[in-house]
Amino acid sequence: AQTVTQSQPEMSVQEAETVTLSCTYDTSESDYYLFWYKQPPSRQMILVIRQEAYKQQNATENRFSVNFQKAAKSFSLKISDSQLGDAAMYFCAYRETGANNLFFGTGTRLTVIP
Amino acid sequence: DTAVSQTPKYLVTQMGNDKSIKCEQNLGHDTMYWYKQDSKKFLKIMFSYNNKELIINETVPNRFSPKSPDKAHLNLHINSLELGDSAVYFCASSLLAGAARGQETQYFGPGTRLLVL
């Protein structure tokens with residue numbers, strides 16, 4: 001079974017600084033999707049960024065970027081110029097292409113220090 | 001416009017009661033899901049429906065019964081509620097896996113916090 005591991009239960013960052021959240025996953029598949037979702041205190045699950053495994057280029061969305069290392073099965077999220085509104089739980093998720101099940105990691109709670 | 005909506009947002013009830021949570025999406029997706037997030041924030045899929053048909057049914061007590069009247073709605077009915085059912089339940093939707101490459105992202109509703117007393 002696919003597993004997603006987030007080894008950092010909690011992280012903190014100074015406002016305007018950069019932080020990287022780690023995620024590793026285990027799969028025998030070569031074609032899949034990876035996602036980072038953000039869950040603020042409002043509980044809403046918000047898609048932050050996604051990566052398709054067949055694309056070598058790392059995905060970026062404004063201040064959010066990923067470092068996708070397929071051979072190492074690593075998918076970290078970098079948040080640049082951190083803002084107070086970035087404070088939330090961040091979940092890494094995996095989905096095999098052609099399958100409907102989304103596997104989540106256990107989450108990393110990010111605190112942004114003013 | 002809300003893409004994936006759930007009602008109610010909060011549900012407090014007594015053990016043994018039967019309750020339902022409703023979910024609707026207006027994204028034109030054909031696949032909908034129910035996830036459970038426990039007290040430790042762990043999210044796990046419960047069910048998935050495609051065009052009103054069940055396609056994923058994880059190990060969930062049969063007290064939980066999803067119902068999909070049409071592809072835009074997936075409701076979750078829970079019988080004989082137990083203390084351990086207390087959690088946040090998320091509905092999500094997407095296109096069916098494999099339907100359109102790059103269009104399979106799941107979008108989540110706001111969640112329903114269920115508290116069983």
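Quick note: the coordinates plus some simple rules give every number you see, no bench work behind them. As the structure is a prediction and not an experimental result, all values here were calculated from the model. For neighbour counting, all protein chains shown are included, and Cβ atoms are generated from backbone atoms with ideal geometry for every residue, glycine included.
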Unit-weight point scatterers at every alpha-carbon of segment A:3-109, Debye formula, q = 0.10, 0.16, 0.17, 0.23 1/Å: log10 I(q)/I(0) is -0.25, -0.65, -0.74, -1.33
Bounding extents of chain B in its principal axis frame from Cα atoms, largest first in Å, are 43, 28, 28
So the FRET efficiency between A:Ala16 and B:Ser65, C-beta based with R0 = 41 Å and rounded to 0.05, is 0.25
In the structure shown, of A:Lys38/B:Lys22; A:Lys73/B:Lys52; B:Lys9/B:Lys44; A:Lys55/B:Lys9; A:Lys70/B:Lys44, the pairs separated by more than 26 angstrom at the C-alpha atoms are A:Lys73/B:Lys52; A:Lys55/B:Lys9
Karplus-derived 3J(HN,Hα) from phi for segment B:9-22 (6.51 cos²θ - 1.76 cosθ + 1.60, θ = phi - 60°), whole Hz, x at Gly and Pro, runs 7, 10, 9, 10, 8, 8, 3, x, 6, 10, 9, 10, 10, 9
Scattering profile of the protein assembly as shown from the Debye formula, Cα beads only, expressed as log10 I(q)/I(0) at q = 0.18 Å⁻¹, is -1.37
Computed about the Cα centre, the charge dipole of segment A:3-109 from +1 Lys/Arg and -1 Asp/Glu charges at the Cβ has a magnitude in debye, to the nearest 20, of 100 debye
When the charge dipole of the protein assembly as shown is computed with +1 on Lys and Arg Cβ and -1 on Asp and Glu Cβ about the Cα centre, the Cα farthest towards its positive end, among B:Phe47, A:Ile49, A:Ala99, belongs to B:Phe47
If the chain between A:Gln69 and A:Ile113 were fully extended at 0.36 nm per residue, the gain over the current Cα-Cα distance would be 12.9 nm
For segment B:26-77, listing trypsin sites (Lys or Arg not before Pro) in a DSSP loop whose Cβ sees at most 11 other Cβ atoms within 10 Å gives B:Lys40
With +1 on the Cβ of every Lys and Arg and -1 on the Cβ of every Asp and Glu, the dipole magnitude of chain B about its Cα centre, in debye rounded to the nearest 20, is 220 debye
A:Asp81 and B:Asn51 label points (each 7 Å along its Cα→Cβ direction) are spaced in nm at 4.6 nm
